[in-house]
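Scroll down for the structure; my scribbles are underneath it.
The values are calculated or read from the model by the stated rules, or taken from the named source; none is laboratory data. For clarity, every value in this text was computed on a predicted model and none was experimentally measured. Here the Cβ is made from the backbone with ideal geometry for all residues, glycine too, and neighbour counts use every protein chain on show.
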Amino acid sequence: MADPAYRRKISRQLNKGESLHALKRDLLYAHEGTIRARHLEQQTEQAWCLTLVTNAVVTFTTGYYGLAVESMRRTGRRIDEEVLAHISPAHSENIDFFGAIDVDIEGDIEGDLAQLGPTGYRPLRVSDTLV
């Protein structure tokens, strides 16, 4: 515990774990972050659903982080791999928990696909926050 570099490494890992727990709490907002099912089987189902949704959010965010880093590098920005090692995609700022999701099975799929960029993702919202 006397090694400062080791303490920083452990602290970063704890912070990443805490951000993942915070994301799960945010995703489970309807029950105020608690599992309220009475039977073990129902509790297990709820936990697995939470895990599935959490993994989907982290995967989605990771994909867009990759696109953002690639876009920034194309514009000439230098992004250190050491800095990227400390970024965690476990956050919920990009999620609208109170919005409605409309699924139109018979809708205009071609129109929806036309809104996607050449990468197959929605275009990045670029704001020049880094100087």
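Values as computed for the structure displayed
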read-out: Criterion (over 24 Å from ASP26 (Cα atoms), at pLDDT below 75 and either within 18 Å of the chain's Cα centre (by Cα) or of a type in the set (D, E, K, R) (or both)) met by exactly one of VAL126, VAL69, VAL131; value: VAL126
read-out: Within the stretch 48-58, considering residues that are surrounded by 14 or more Cβ atoms within 10 Å (Cβ to Cβ) and among the hydrophobic types (A, V, I, L, M, F, W, C), the one nearest to LEU84 (Cα to Cα); value: VAL58
read-out: Counted residues, the stretch 83-123 - those being modelled with pLDDT of 70 or more, within 25 Å of LEU23 (Cα to Cα) and either over 19 Å from the mean Cα position of the chain (by Cα) or not in a loop (DSSP other than H, G, I, E, B) (or both); value: 2
read-out: Test for ILE10: is it β-branched (Val, Ile, Thr) and assigned to a loop (DSSP other than H, G, I, E, B); value: no
read-out: Candidate set: the stretch 23-54, residues that are within 14 Å of PHE97 (Cβ to Cβ) and outside any helix (DSSP H, G or I); chosen: the one modelled with the highest pLDDT; value: LEU28
read-out: Selection within the stretch 59-82 - surrounded by 11 or more Cβ atoms within 10 Å (Cβ to Cβ) and assigned to a loop (DSSP other than H, G, I, E, B); value: ILE79
